[in-house]
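Structure first, then comments.
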Amino acid sequence: MAKRGIRSGKSETSSKDYVDNTKIIITPVVDEMKKCFIAYAMAVNVSRAIPDVRDGLKPVHRRIIYAMGELGLWSDKPYRKCARVVGDVLGKYHPHGDTAVYDALVRLAQDFTIRYPLVDGHGNFGSVDGDPPAAQRYTEARLAAISEELLRDIDKDTIDWTNNFDDSLQEPTVLPSRFPNLLVNGSDGIAVGMATNIPPHNLGEIVNAIDALIDNPEISVDELMKFVPAPDYPTGGQIMGRANIKRAYKTGRGGVIIRAKAEIEEYPIREGSEIMRQRIVVTEIPYQVNKEKLIVQIADLVKDKRIEGISDIMEESDRSGMRIVIEVKRDAQAQVVLNQLYKHSNLQVSQGITFLALADGEPKILNLKEMLEFYLKHQVEVVTRRTKHDLAAAQERAHIVEGLVKAQANIDKVIKIIKQSRDNVEAAEKLMAEFYLSDKQANAILEMKLRRLTSLEIETLQNELTALNEKIADYKSILASPKRITDIVKDELQQVKEQYDNPRRSELVIDYDEIDIGDLIDKEDVVISMTHYGYIKRLPTTEYKTQHRGGQGVTAHRPR
């Protein structure tokens, strides 16, 4: 009976109350977990995995380049141990694991990963075969020359700064970036609920597109694609078709098909023999394909008899370049075997494109024009802030020089005031009162050395003042003219292009499956005419003749 009493109505009510109370307790916990997860997601997306559209860098890469600049590791200076760089980055700006920082540093130095490497590495930094880099205590590094363009004018108040993790130092929120690093070197990263995959491009093509955007702000994406036809990968290869690439440039999402560059060679079966055999020679492989794993994959295809026309595979790569030789059997056709390799192996791969970047502090999917516009806006701001900084510095120096010139014009009286003063404070006050000088000018006069009293030094100061006044007028003219600012941006980009640009590596190849009927029609100028009854006729302009006095043009419509 006691057990039955436990299952009575009163006990059931107590159980319901317990469940209700549990719901009341769980709900705040779930809400708190949601808030924490959202905060975590935003931290990962904004502060770790997604690059900034302005300088194309994630925080870890930005901190590495800035820390190397602080250490003075410029392209013309000696190399320094990577362990030193990693230690500085960890201790000052990036409190994460040393392996993560070193891996990011290594990636910036790999010429098969980065189209224009930002770090000049010395030692074993890995290979296209997937070999790991040597430990950070063995390798050395310094900034590549092009990285100096990322940091140029950073000391002229061109960017904003923020506190580091322990509020003991300041670090840049973005780099000045005198070239569009995001599109030039690309970026990839997996965040929370989103991912980015931006392919690398040719520097010259991107600069030409920015110039076109400056000249015509209303330019369309289609017109920009005349300057930027497709990505340009550091490992070369062939890009098959442009349909998916066009979609990516227009919408921010698309894809690209990359094929290895291979040739079919004929060679005698033995020296002096007239009997010829064929072999496939691969000299370039798709981007981010591991060469060693690719060879193993082809060998497995032969072993599993999915491809039966291959007799041998030889790796003949050396310092001069890549060379994978695939021997073809006597009774097989090399082109057929190559087509099978494209289909079944990583000699041809498809990669997605997602133009996701931080724009105004938020992750956004951008098209090609929007990415260029954000970069151009950043450069306009950099040039404007730099000019304001230079203007303030020139005005401050001109103010000092004016005081020195005034003092030299009355040097006897200045010396008398100084000799009769009890201390520097009294001397400064008397100079300010006598010659209507500012505190800075008075102190500059007191610090002036006697050698500045020579006639040559007086002439030098007057020439300096004239040059400073010219600079001040020029800086004010720049700040008053948006066109002059954009012209400066264009000129600086052209300088970077002339210094660092190199020919395109990835070859554009027509994919005949993408040919549209519109591609088969010649483009020509035509004249469209419409009759009173609504009939329309099209004639090319070449059908018309130039009509002179008394002449008769071609009749567009003839009665039938």
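Amide H to amide H distances under 5 Å link LEU508 with ILE239, where only residues 5 or more positions off or on other chains count and H is placed in the peptide plane.
Across the range 409-497, the fraction of Cα-Cα pairs farther apart than 23 Å, rounded to a whole number, is 49%. For the chain, the fraction of C-alpha pairs farther apart than 32 angstrom is 65 percent.
Given a 1.4 Å probe and the protein chains as shown, ILE400 ends up with an accessible area of around 30 Å².
So for the range 256-361, considering every pair of alpha-carbon atoms, how many percent are separated by more than 18 Å? The calculated P(r) of the range 256-361 puts 53 percent of pairs beyond 18 Å.
When the residues ASP160, ASP487, ASP52 are ordered by accessible surface, computed with a 1.4 Å probe over the protein chains alone, the sequence from largest down reads ASP160, ASP487, ASP52. Straight Cα distances below 12 angstrom link LYS497 to the aspartates and glutamates GLU149, GLU205, ASP211, with same-chain residues fewer than 8 positions distant left out. ASP412 sits with roughly 120 Å² accessible to a 1.4 Å probe, with DNA, RNA and ligands left out of the calculation. 3J(HN,Hα) couplings calculated from phi for the range 169-180 with the Karplus curve 6.51 cos²θ - 1.76 cosθ + 1.60 (θ = phi - 60°) are, in sequence order, 9, 10, 10, x, 7, 7, 9, x, 6, 6, 9, x Hz; Gly and Pro show x. Once both axes come from the Cα atoms, what is the angle between helix 9-44 and the longest principal axis of the chain, in degrees from 0 to 90, rounded to 10? Roughly 70 degrees, rounded to the nearest 10. A simple spin-label model places the labels of ASN410 and ASN469 1.9 nm from each other, with each point 7 Å out along Cα-to-Cβ.
Where the accessible area of the range 64-110 is counted over protein heavy atoms with a 1.4 Å probe, how much of it, in %, is carbon and sulfur? Roughly 53 percent, rounded to a whole number. Amide H to amide H, with H built 1.01 Å from N, LYS261 comes under 5 Å of GLY237, GLN238, THR283, GLU284, ILE285, counting only residues 5 or more places away or on other chains.
Our note on the geometry: Cα centres of the range 299-357 and the range 414-429, 87 Å apart. Using the Cβ-Cβ distance between LYS440 and ASP76 with R0 set to 25 Å, the FRET efficiency works out to roughly 0.10. Computed over the Cα atoms of the range 82-216, the ratio of the radius of gyration to the Kirkwood radius (Rg/Rh) comes to 0.99. Extension gain for THR542 to ALA135 (0.36 nm times residue separation, less C-alpha to C-alpha distance): 139.5 nm.
Applying D = kT/(6 pi eta Rh) to the range 405-448, where Rh is the Kirkwood radius over alpha-carbon pairs, T corresponds to 4 °C and eta to 1.567 mPa s, the Stokes-Einstein value obtained is 130 µm²/s. Separation of the alpha carbons by more than 23 angstrom is noted, of LYS58/LYS388; LYS226/LYS246; LYS305/LYS343, for LYS58/LYS388. Label zone of ASP491 (point 7 Å out along Cα→Cβ, amide N under 17 Å): in the range 129-157 this covers 153. To the nearest 10 degrees, how steep is helix 482-500 against the longest Cα principal axis of the chain, on a 0 to 90 scale? For helix 482-500, the angle is close to 60 degrees. Each residue of the range 228-235 was assigned a 3J(HN,Hα) from its phi angle through the Karplus curve 6.51 cos²θ - 1.76 cosθ + 1.60 (θ = phi - 60°); the sequence is 10, x, 5, x, 9, 8, x, 8 Hz, with glycine and proline shown as x. With all protein chains in place and a 1.4 Å probe, the accessible surface of the range 131-289 carries 45 percent carbon and sulfur.
In the frame of its principal axes, the range 20-151 has Cα extents of 70, 31, 27 Å, reported largest first. Heavy atoms of the protein chains alone define the surface here; on that basis the chain has 57 Å² accessible area per residue at 1.4 Å probe size. Most simply put, the chain has about 95% antiparallel DSSP beta bridges, counting only bridges with both residues inside it. Note on the range 124-194: Rg/Rh from Cα positions, Kirkwood definition for Rh, rounded to two decimals, is 1.05. Once all protein chains are placed together, HIS96 keeps about 80 Å² accessible to a 1.4 angstrom probe. Normalising by residue count, the range 301-429 has a Cα convex hull of 331 Å³ per residue. Computed extension gain for LEU508 through VAL425, at 0.36 nm per residue and net of the alpha carbon distance, reaches 22.5 nm. Computed over the chain, relative contact order equals 14 percent, with contacts defined as Cα pairs under 8 Å that lie 6+ residues apart.
Ordered from longest to shortest, the equivalent ellipsoid semi-axes for the range 461-511 are 41, 15, 4 Å, each the square root of 5 times a Cα gyration tensor eigenvalue.
The values are calculated or read from the model by the stated rules, or taken from the named source; none is laboratory data. Predicted, not measured: the structure shown is a model, and the values here were computed from it. Neighbour counts run over all protein chains shown; Cβ positions are idealised from the backbone, glycine included. With ligands, DNA and RNA removed, areas are computed over all heavy atoms of the protein, side chains included. Shrake-Rupley method; radii C 1.70, N 1.55, O 1.52, S 1.80 Å.
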